[in-house]
Amino acid sequence: MARILDKARYGGFIVRKIAYWTSTVIACLALFGALTYLSGSAEVAAGFAKAGYPQHLRIVLGIAKPIAAIVLLLPGFALLKEWAYAGVTFALVMATISGYLSGDGVKGASLPLVILMLVAVSYFTRPTNRRLIGNTFAPAGA
């Protein structure tokens, strides 16, 4: 019986590991795509203008998103990872709302929402060595 339980635990570990790395790599590839914001192409500038964003935000996001992707992929840096997850989540929530309200409706909101879901899967399936506090979601003192 103990062998069966050990195999089940190991199988769950593998599924969690695959979910973590798959979601993290895909989300980070999307974040690296923000490097195109730095190109200053007419299409990128028009997209930011349509959403009502100032052009300097394009530069900030073009730098911050790839840095967040690097932090999420590197081992260690637990505190920086928390900040990266928070910043990316904030940016993607705002992009989802902006995409919806800019006249594109669900079509404009779908890509940032999918990336946001991948970031959430990545966050909640992280290994304990990539967490700031450990592997528990229990309230403090519980």
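Considering every residue within segment 35-45, establish whether at least one is within 30 Å of residue 128 (Cβ to Cβ), modelled with pLDDT of 90 or more and of a type outside the set (Ser, Thr, Tyr).
First pass over segment 35-45, keeping only residues within 30 Å of residue 128 (Cβ to Cβ): none.
No: segment 35-45 contains no residue that is within 30 Å of residue 128 (Cβ to Cβ), modelled with pLDDT of 90 or more and of a type outside the set (Ser, Thr, Tyr).
For the subset of segment 1-34 comprising residues that are in contact with a Ser or Thr (Cβ under 6 Å, 6 or more places away or on another chain) and among the hydroxyl-bearing types (Ser, Thr, Tyr), which member is modelled with the lowest pLDDT?
Ranking the candidates gives 20 first.
For residues that are in a helix (DSSP H, G or I), of a type in the set (Gly, Ala, Ser) and either closer than 17 Å to residue 94 by Cα or more than 18 Å from the chain's Cα centre (by Cα) (or both), tally how many sit in segment 34-81. Lay out the reasoning, then the answer.
Initially, segment 34-81 is screened for residues in a helix (DSSP H, G or I), giving 34-39, 42-51, 55-73, 78-81.
Keeping just the survivors that are of a type in the set (Gly, Ala, Ser) gives 34, 39, 42, 45-47, 49, 51, 62, 64, 68-69, 78.
Those left that are additionally either closer than 17 Å to residue 94 by Cα or more than 18 Å from the chain's Cα centre (by Cα) (or both): 34, 39, 42, 45-47, 49, 51, 62, 64, 68.
Result for segment 34-81: 11.
Of all residues in segment 97-112, which are buried (at least 18 other Cβ atoms within 10 Å of the Cβ) and within 13 Å of the chain's Cα centre (by Cα)? Quick ask: steps written out before the conclusion?
We begin by selecting, within segment 97-112, every residue buried (at least 18 other Cβ atoms within 10 Å of the Cβ); these are 98-99, 108-109, 112.
112 - this is the single residue of segment 97-112 that is buried (at least 18 other Cβ atoms within 10 Å of the Cβ) and within 13 Å of the chain's Cα centre (by Cα).
Which condition number in (1) surrounded by 14 or more Cβ atoms within 10 Å (Cβ to Cβ); (2) of a type in the set (Val, Ile, Thr); (3) over 16 Å from residue 91 (Cβ atoms) is the one that residue 14 fails?
(1)
State the number of residues belonging to segment 118-134 that are surrounded by fewer than 14 Cβ atoms within 10 Å (Cβ to Cβ) and either within 8 Å of the chain's Cα centre (by Cα) or among the basic types (Lys, Arg) (or both). Don't jump to the end; show me each part of the working.
Step one: list which residues in segment 118-134 are surrounded by fewer than 14 Cβ atoms within 10 Å (Cβ to Cβ), which gives 124, 127-129, 132-134.
Okay, now just the ones that are also either within 8 Å of the chain's Cα centre (by Cα) or among the basic types (Lys, Arg) (or both), so none.
The number of residues fulfilling the criteria is 0.
Mind counting the residues in segment 24-33 that are surrounded by fewer than 21 Cβ atoms within 10 Å (Cβ to Cβ) and either under 14 Å from residue 120 (Cα atoms) or of a type in the set (A, V, I, L, M, F, W, C) (or both)? Break it down stepwise before answering.
Our first condition is that a residue be surrounded by fewer than 21 Cβ atoms within 10 Å (Cβ to Cβ); within segment 24-33, this holds for 25-26, 29-30, 32-33.
So of that shortlist, the ones also either under 14 Å from residue 120 (Cα atoms) or of a type in the set (A, V, I, L, M, F, W, C) (or both) come out as 25-26, 29-30, 32.
The number of residues fulfilling the criteria is 5.
Mind checking whether some residue in segment 51-66 is over 20 Å from residue 123 (Cβ atoms), touching a residue at least 24 places away in the same chain (Cβ under 8 Å) and β-branched (Val, Ile, Thr)?
Restricting attention to segment 51-66, the residues satisfying the condition of being over 20 Å from residue 123 (Cβ atoms) are 51-60, 62-63.
Those still in the list that are touching a residue at least 24 places away in the same chain (Cβ under 8 Å) too: 51-53, 62-63.
Retained after the next criterion (residues that are β-branched (Val, Ile, Thr)): 63.
Within segment 51-66 (the criterion being over 20 Å from residue 123 (Cβ atoms), touching a residue at least 24 places away in the same chain (Cβ under 8 Å) and β-branched (Val, Ile, Thr)), the answer is yes, since at least one residue qualifies.
The values are calculated or read from the model by the stated rules, or taken from the named source; none is laboratory data. Since the structure is predicted, the reported quantities are computational estimates derived from the model, not experimental observations. Quick reminder, even Gly has a Cβ in these numbers, built from the backbone with ideal geometry, and neighbours come from all protein chains shown.
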